Amino acid sequence: MPAYEAAQWEAEDLDFSRLVLADVHDDENLFYLTSCASFIESGSDLYTRNLIDFFRGDAEVADWLRERWEPEELKHGRALRAYVRHVWPEFAWQPAFDAFLGEYATYCKVEMLAPTRALELAARCVVETGTATYYGALAQSTKEPLLHELAARIAADEVSHYKSFYRFFKRYRVQEAPGRARVFATVGRRTLELKSEDADCAIRHVVRSHMPARADDPAYLQQTSARMNATIRRNLRPGATLKMLMRPLELSPTLQAMVQWPIEQFMQRVFLR
Ligand SMILES: [Fe+2]
Ligand SMILES: [Fe+2]
């Protein structure tokens with residue numbers, strides 16, 4: 001993981017004098033990776049409201065979500081937006097984002113949360129593992145110094161989010177004793193979902209604004225998403241990701257060794273498609 005401390009930075013601190021425009025401007029794939037991420041991060045307040053409601057009465061979790069998690073996710077959104085606007089000023093970020101948000105809002109309903117708090121926290125661990133993986137891989141994938149730094153800083157924040165969700169999960173796990181099978185099912189379902197709706201929605205809206213002629217071309221959308229996945233796959237560190245994903249299962253070392261291979265296969269399928 002990156003040599004950056006979590007949370008020790010502000011979106012407004014990005015030093016654009018360090019940007020090497022020639023390393024990134026013509027890279028269509030990096031354009032999609034950063035702009036899609038900027039959309040999803042900038043829409044995170046939709047999720048927070050649902051989550052805070054879900055944890056009503058638990059001040060430790062609700063306060064952390066409100067005071068740390070949401071501001072940090074929105075900070076990621078602002079920093080990525082600033083980067084996209086600086087590098088690709090021809091992309092009309094705001095109207096494209098507004099259109100994205102209109103559709104994205106319909107996904108963020110309370111009923112999409114897991115059935116219990118322990119299971120939702122396990123699912124959050126998966127989501128943060130996914131984002132930490134994404135930004136870690138994005139940082140590795142580029143030699144452009146400012147994007148490398150930005151992605152590495154975001155990755156450090158996402159790892160720290162994972163740690164907090166995991167800490168809360170352990171508390172609820174004692175109360176709820178959800179059983180490994182249910183945790184495993186939730187973790188598996190969210191891992192598959194990681195790929196799907198949010199990213200597809202962001203890609204569709206970025207393409208609609210950036211390449212209107214291709215917006216209704218499923219082959220182009222599919223190709224774009226496959227190229228993005230290939231970049232993440234080439235640069236991810238499956239070992240670290242796997243360890244984070246497995247922790248909420250709290251397996252004994254023997255059991256962990258037994259399931260490591262099947263889970264690795266599962267992850268390959270998820271990230272390789
Ligand atoms: Fe984030
Ligand atoms: Fe996060």
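The values are calculated or read from the model by the stated rules, or taken from the named source; none is laboratory data. Being a predicted model, the structure only gives us computed values, none of them experimental. FYI the Cβ positions are ideal-geometry reconstructions off the backbone, even for glycines, and counts take in every protein chain you see.
Couple of notes before you dig in:
- Filter result (closer than 17 Å to Arg247 by Cβ and not β-branched (Val, Ile, Thr)) within region 137-159: Glu158
- With respect to (1) out of contact with any Asp or Glu (no Cβ under 7 Å at 6 or more places or on another chain); (2) surrounded by 13 or more Cβ atoms within 10 Å (Cβ to Cβ), the lone exception for Asp53 is condition (2).
- Test for Ala82: is it in contact (Cβ under 8 Å) with a residue 40 or more places away in the chain and away from ligand 1 (no atom under 16 Å from the Cβ): no
- Scanning region 216-250 for residues that are polar (S, T, N, Q) and free of Cβ contacts under 8 Å to residues at least 12 places away in the same chain yields Gln222, Gln223.
- Put simply, of Thr116, Thr129 the only residue that is modelled with pLDDT under 95, of a type in the set (Val, Ile, Thr) and within 15 Å of ligand 1 (Cβ to nearest atom) is Thr129.
- Among the residues of region 133-149, those that are surrounded by fewer than 24 Cβ atoms within 10 Å (Cβ to Cβ) and either touching a strand residue (DSSP E or B) at 6+ places or on another chain (Cβ under 9 Å) or in a helix (DSSP H, G or I) (or both) comprise Ala137, Ala139, Gln140, Ser141, Pro145, Leu146, His148, Glu149.
- The criterion of being touching a residue at least 40 places away in the same chain (Cβ under 8 Å), touching a helix residue (DSSP H, G or I) at 6+ places or on another chain (Cβ under 6 Å) and either surrounded by fewer than 19 Cβ atoms within 10 Å (Cβ to Cβ) or among the charged types (D, E, K, R) (or both) does not hold for Glu60.
- From the list Leu30, Leu46, the lone residue that is within 21 Å of Arg204 (Cβ to Cβ) and buried (at least 20 other Cβ atoms within 10 Å of the Cβ) is Leu30.
- Candidates Phe165, Phe169 - the one that is within 16 Å of ligand 2 (Cβ to nearest atom) and in contact with a Lys or Arg (Cβ under 6 Å, 6 or more places away or on another chain): Phe165
- Considered as a group, the residues in region 63-87 that are more than 15 Å from ligand 2 (Cβ to nearest atom) and surrounded by fewer than 17 Cβ atoms within 10 Å (Cβ to Cβ) include one that is nearest to Glu41 (Cα to Cα), and that residue is Arg85.
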